[in-house]
Structure formats: C-alpha cells, structure tokens
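*Asks:* A single structure is presented below for examination.
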Amino acid sequence: MALISVKNLSKIYETDGAETVGLKNVDLIINEGEFVAIVGPSGSGKSTLLQVLGCLDRPTSGEYMLDGKNLQDYNDKELAEVRNKKMGFVFQQFNLLPRQSVLENIKLPLIYAGINEPERTRVAQEMVDLVELQDRADFFTTKLSGGQKQRVAIARALANNPKIIFADEPTGSLDSKSGEIILNFLQALNDKGHTIVLVTHESYVADSAKRIIHIRDGNIEKDEPVINRRIISKEGFKR
Amino acid sequence: MQFKDTLKISVKGLSTHRGRSLLTILGIVIGITSITLVNAIGDSAKSMILSEVEGLGSNNVFILPGKQPTGPSDFGGSILNNSLTNRDLESLNKKSNVPDALDVAPIVFGPVVASRESEIYSTMVIGTSPEIFNIYGLGIDQGEMFTADDVTQASDNVVIGKKVADQLFGQSDVIGEKIKFKDNNFRVIGLLQEKGQSPFVNFDEVILAPYTTAQQHVLGFRYIQRIAITATSPEAIDGMIKDIEATLRDNHNITDPKDDDFYVTTMKDLANSVSTVTDILTILLGSVAGISLVVGGVGIMNIMLVSVTERTREIGLRKALGATNGDILKQFLTEAVILTVLGGITGIIFGVGLSYLATVAANRIWGLNFPFTIPISGIILGVTVSTAIGFIFGIYPARQASKRSPMDALRYE
C-alpha cells in the first residue's frame, strides 16, 4: 500500500529574485515497510526531497498524498501534528537538547503529542531500553559519544511510534563502527515494520537499504532495488 | 500541550543561559526597585503628614485671607493678602456671631533674628492670643503664658520654645530674662513644653508673642494672616463655618460669596490637599521610574531576539518533532514573562528593603517620625507592571520565533 505518493512535485527557491530549482516534477511512490535510500551528489536536491517528504517544507507545486491524505490543504498546525504522530526524524548533527537528560530529550515528541506523565516517562524508558542506553538515561546528552547521541535521536524518533522515519545522513558524523550500529538499528526497525527513508551520499550506507533512488538536478535519475543488500547483523535488536 | 509543560520548557531554556538571564532582568529590577521605593516613601510621607494634621484636632478650622486657591499659583497671593483685620477677630469672638466657636486665636508671623548677649538665633515670631494653647494643645514647661491683658496692652512678654531657649540660654534659667529682636527688648515669661513638629510649624523653634505686640513692634502691619478657631464639636463645624462666613461678609460688605476676600479651610481640607500633593509627587516620580522600566523592557526584547536567532536550530528541531507555532510562541513568551516577573519580584524586595533603610535613616538623621509602611499598592503595581512588560516586549520576539521554519533543524552551522 502506498504510504507516500507524490506527483509532479516541484520545489523552487527564490532568493533575491534568482530562482533555484530544488526539485523538478518528481513522481514517487513509497510503500509501507520499504527502506529507501536517497542518494546523489551535493546540490542534487536529495535533502530538499527529504524536507518536503518530511513536511518540514512545503512544495512549490505538485501533489503529496501521505497515508491516503492530501497534505496540500493542511495548515501549519495540522502539518505539525503529522510530523509529530506519523514521522520520526534522525539528523546528521543529532540535534539533541544540551543540558537535558537522555530521557528528557526522548520525551520531547511525547510532550508535543499531549501525552502526560507518568505515561511519558514509561514510553521514554521503553525507548531508552530499545536503543540500549539504560545506564545513560539520566546523563546529559553532552556527556555522550556521537554513536550514543544518535541512538538517543533514534529513540526520540520512535517515541510516538511513527510510520516513517526520515534519516538525514545519520552516519555522517560518526566513525564507521558507530555508523554500523546505527544502520543496524534502522534495519531492525524496518524489520519491525517501520518505513525508513534515508538520505546519504555514501554507497555503503545506501547498500544497507532495500531500494535506492538516485537524484540529480532535482530529478529522479534512477530508481532501483538493492541487489546485494548489506545486512549488518542478522540478530537485529538484541532483545 | 499543557501550560505546565510550557512552563517547564521555558524555565529549562532560561536556566541554560543563567548569566544572560540575570543581566537581562537587571533593567527591570532597577525599574521596579525605584517604583516600589517611590511608592513606599510616598506612602510613608503621606501617613506621617496626615497623622500630624489629624493630631491637630479635627475640630479646628482656619480662616485665611484672599480667595480660595484653586491651583498652586494662587498660594503665594493668599499670604500677602491683608483682608483679615483685628475688627474681624473681635466680631468672630462674639458668641452672638459664632455661637459654636470654643477658642479663637489670631496668627501673625514673620522671621526674626533673636539675640541675647552674644548669642543669636534665626527664628520666627508668632503673634497670637492665649487661646492658641488650647487649639494646638501646647503646654507650659516653666513660667506662664501671656494673658489677654498682655494682648490688650501689647506688652513685651513672650513665651519661647525649647530650642530657642537652648540656643540663646544654654543650660541657664530663662524665666524673667530679656531677649532682643527687631531692636526691641522682650521679657521671657514662659518656656513651652517640647512638642516636636506640628503641621507647618515647629513650636520648639518659635517665639510666641501677643499678636498686638507682634503687629506693632515686630512685623509692622495691622492685619491678621490666619485665624484659628476650634468648634465645640465636630458636628458643629459645618454650621460654624456658615456663621464665620456670614460674620466676615457682613464686616467686609460682601453680598455675593463669589467676591469673598477670605476662605475657611478645615483639617479635612488640609488632609485632602496634603494627600493630593503627595499623590502627585508619587505619580511624578513613579513615571520617571516607569521610563527605566520601558528601557528594561526594550532590553529584554533585544536579548530575546538574539536568543531566538541563536536558538534557531532548537526551534526548528522542536517544530520537526511536532511543536506548533503556538507552542513555540508560548514557550518564548513564557520565558519573557518569567524573566520580567523574576525581575519584578527582585525589584520589590530591593525596593521594600531600601525604603525600610530610608525610613530608618530619615528618623535617625532628621529626627522625623517617619513610619515604615509595606507599600501594598507599590507591590501590586510592580507585579502587574512587570508581568505586562513581559507580555508587551516578549510578544514580538516570540512571534519571530514561532515563524521559524522547521527546516532550520536541518541546517548545519
């Protein structure tokens, strides 16, 4: 079933009267349970595509259906709710709040979802367990290593049990070992049914997905399944 | 999203930048401190003056020459007016004219330099009649008061205040001694009991003389500057004023009250005008302090705008995670209001503390009976104003914050 369906999607940036094309007439369908890697050189429009798909930015034109709903008519508040309930985000720079504990960071989407204590703590604790950071739950995020930070980010992205997880270069700031752990988590989440959309410019990261979309100059250049998929660990989650 | 959560997030946001938050509220602290201080001292001054006015007795009325002043510029005129005469005094003293008058005392006054041997003292002579003792509640410490005969004869007998005695005689006995002013010798027949400050006059620092003596030998004029009258009871005051007005109009051949060349003022009038003056002063000084609050508010707006720019990524992230524009607006507005309210509370504490010190200092240095009052109105004003400033100057930065795009979370520094 099509979770994401975009038709004729364009995004044009205008700065000081000069137009820059971000996306040009993109058609794309992503089904539930897919693990899609979007790759392309820098400036190709892959990040723009992720932003539009993640409802962080509105397209200039075109149609975007998410989970059977046409998002064009949604106002800012409704889009915020879509991001909150249906999407999870993992960023290259982790984007955790400093001077707040791991648990508090994971609670953020729950707060905006209107979930109250003690349910909030219960869910956050569950997420901490999932990414195996039990012994760091009360640490300030500034005290964590890069890999641990990204695991907190994944836990945060999962807090509201979203259908899709958008990951923007999730391994870009990590050493290869930590990166593998993160990719392992993403594969395990995908195995559990979450749809994953990942932006990367590294082919070994893209090879851990099931499908690769090549973007160039705002267009989909190539859309192909991964033939020899790299499975990081057959075990998935340890628990 | 619940307000409790907004509050928690805002407090977290502020405590992350503790040093900056402290600096930000400094302007508000100073503004609220000065407003509280001005209010507290205004309240204290008012209650001090009012208690003194009331101490004079609510049965007293004063007749002054000239037209009833309607503005500050009229006051000077009334002092120079010479419409009240000794004849008026005689008429008012007649029971048939003003039956409710218990005591009637004329008052003439002027500055003199009194001397005794080599000692000199700049003071004031008050020419009056013995009834002044009842009206002002004065007492004799040594000797005696001059009598009605002294008034009739314009004798050179005077009664002096405690401070005058101290300055001119030191420790030695004063009764029967001579003092000199305006080239005339006067005999001290009495020493007043120490009384401290009364409204508009400190009897410890004056020389009391028969008003006839004062008119003829000291001041050199024949009119009367004030007439003080005590009514038999507070209820009799209104009727007595009518009698006084009728008597004086008759004396002055006035038919239309508009042409009155005198006016009667009661202690209540006096208390009211004192209140008005201190209120005006409080408002005036308070508005000056208010300007510093506006400056403080602009400071908060400035810092909040910087903060919004600096925290672009945080705002973007919160939006990516599902915060609505309203959530972000509330967060930053709450931060601003918390800052100003904290500044307000700190300012109130400083203001009350400083006004306490000020009353202690005033009492120690000038020997005033300056009461310390907790300025309730100042506190309420301070809290209200600081909250309002938080909203007024916080709304713009908060709106700027709420307009940030969630995409900002993805931008790399």
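Each reported figure results from applying straightforward, stated rules to the coordinates on display, with no laboratory input. Treat the numbers as computed from the prediction; the structure is a model and nothing was measured. When we count neighbours, we look across all protein chains shown, and the Cβ atoms used for this are built from the backbone with ideal geometry, even at glycine.
*Asks:* With a Förster radius of 25 Å, plug the Cβ-Cβ distance of A:GLU202 and A:LYS7 into 1/(1 + (r/R0)^6) and report the FRET value to the nearest 0.05.
*Replies:* For A:GLU202 and A:LYS7, the calculated efficiency is 0.25.
*Asks:* Same structure, new question: Would you please give the residues with an amide H less than 5 Å from that of A:ILE212, counting only those at least 5 places away or on a separate chain, with H modeled from the backbone geometry?
*Replies:* Under 5 Å from the amide H of A:ILE212 lie the amide H atoms of A:ALA37, A:GLU224, A:VAL226, each far enough along the sequence or on another chain.
*Asks:* Then there's this: Between helix B:237-252 and chain B, what is the angle of the helix's C-alpha long axis to the longest principal axis, kept within 0 to 90° and rounded to the nearest 10?
*Replies:* 60 degrees
*Asks:* Could you state the angle between the C-alpha long axis of helix B:3-16 and the longest principal axis of the C-alpha atoms of chain B, as a value from 0 to 90 degrees rounded to the nearest 10?
*Replies:* Taking Cα atoms only, the helix is inclined about 90 degrees.
*Asks:* On to the next question. What average count of beta carbons from other chains do you get within 10 Å of the Cβ of residues in B:322-329?
*Replies:* 6
*Asks:* I'd like the distance separating the alpha-carbon centroids of the stretch B:144-179 and the stretch B:96-140, in whole Å.
*Replies:* 12 Å
*Asks:* What percent do you get for the relative contact order of chain A when only Cα pairs under 8 Å and 6+ apart count?
*Replies:* 27 percent
*Asks:* Sticking with this one: Take the residue pairs B:LYS180/B:LYS268; A:LYS46/A:LYS192; A:LYS192/B:LYS8 and return only those whose Cα atoms are more than 32 Å apart.
*Replies:* From B:LYS180/B:LYS268; A:LYS46/A:LYS192; A:LYS192/B:LYS8, over 32 Å: B:LYS180/B:LYS268; A:LYS192/B:LYS8.
*Asks:* Can you list the residues, at least 5 places off or on another chain, whose amide H is less than 5 Å from the amide H of A:VAL199, using H built in the peptide plane?
*Replies:* A:ILE38, A:ALA167, A:ASP168, A:GLU169
*Asks:* Could you please rank B:PHE109, A:PHE91, placing first whichever residue has the fewest other Cβ atoms within 10 Å of its Cβ?
*Replies:* With the sparsest Cβ surroundings first, the list reads B:PHE109, A:PHE91.
*Asks:* Same structure, new question: What number do you get for chain B when its Cα radius of gyration is normalised by 2.2 N^0.38 Å, N = residues?
*Replies:* 1.47
*Asks:* Still on this structure, I have one more. Given the peptides B:115-128, B:22-35, arrange them by the average over their residues of other C-beta atoms within 10 Å, most packed first.
*Replies:* Top of the packing list down: B:22-35, B:115-128.
*Asks:* With N set to the residue count of the stretch B:82-260, report its C-alpha Rg divided by 2.2 N^0.38 Å to two decimal places.
*Replies:* For the stretch B:82-260, the normalised Cα radius of gyration comes out at 1.09.
*Asks:* From the residues B:GLN215, B:SER118, B:PRO106, which one has its Cα farthest along the dipole of the stretch B:82-260 in the positive direction, the dipole being from +1 and -1 charges on Cβ of Lys/Arg and Asp/Glu about the Cα centre?
*Replies:* B:SER118
*Asks:* Using the count of nearby Cβ atoms within 10 Å as a rough guide to exposure, how do B:PHE372, B:PHE146 rank from fewest to most?
*Replies:* Taking fewest neighbouring Cβ atoms as first place, the list is B:PHE372, B:PHE146.
*Asks:* On average, how many beta carbons from a partner chain sit within 10 Å of the beta carbon of a residue in A:87-97?
*Replies:* Mean partner-chain Cβ count within 10 Å for A:87-97: 4.
*Asks:* Follow-up question, since we're still on this one. What percent do you get for the relative contact order of the stretch B:82-260 when only Cα pairs under 8 Å and 6+ apart count?
*Replies:* 32 percent
*Asks:* List the lysines whose Cα lies under 28 Å from the Cα of B:LYS12, skipping any in the same chain that are fewer than 8 positions away.
*Replies:* In chain and number order, the partners are A:LYS77, A:LYS85, A:LYS86, A:LYS107, A:LYS143, A:LYS149, B:LYS4, B:LYS319, B:LYS330, B:LYS403.
*Asks:* Here's something else I'd like to know. Nearest 500 deg cm²/dmol is fine: what mean residue ellipticity at 222 nm does chain A get from its DSSP H runs of n ≥ 4 alone, each adding -39,500 (n - 2.57), divided by its residue count?
*Replies:* -9500 deg cm²/dmol
*Asks:* Report, in deg cm²/dmol and to the nearest 500, the calculated mean residue ellipticity at 222 nm for chain B, where each DSSP H run with n ≥ 4 adds -39500 (n - 2.57) and the sum is divided by the residue count.
*Replies:* -18500 deg cm²/dmol
*Asks:* So between A:ARG229 and A:ASN161, what do we pick up on full extension, going 0.36 nm a residue minus the alpha carbon distance?
*Replies:* Extra length available between A:ARG229 and A:ASN161 comes to 21.9 nm.
*Asks:* Return B:ARG318, B:ARG399 ranked ascending by Cβ neighbour count within 10 Å, so the fewest neighbours appear first.
*Replies:* Listing B:ARG318, B:ARG399 from fewest to most nearby Cβ atoms yields B:ARG399, B:ARG318.
*Asks:* Suppose a student asked you for the relative contact order of chain B, using Cα pairs under 8 Å spaced at least 6 residues apart; what percent would you report?
*Replies:* 29 percent
*Asks:* While we're on this one: Per q in 0.07, 0.09, 0.12 Å⁻¹, report the Debye log10 I(q)/I(0) for the protein assembly as shown, using one uniform scatterer on each alpha carbon and no solvent.
*Replies:* -0.64, -0.81, -1.18
*Asks:* Which value results when the Cα radius of gyration for chain A is divided by 2.2 N^0.38 Å?
*Replies:* Relative to the 2.2 N^0.38 Å estimate, chain A comes out at 1.00.
*Asks:* While we're here: Averaged over its residues, how many other protein chain Cβ atoms are within 10 Å of peptide B:310-321's Cβ atoms?
*Replies:* Going residue by residue through B:310-321 and averaging, the value is 6.
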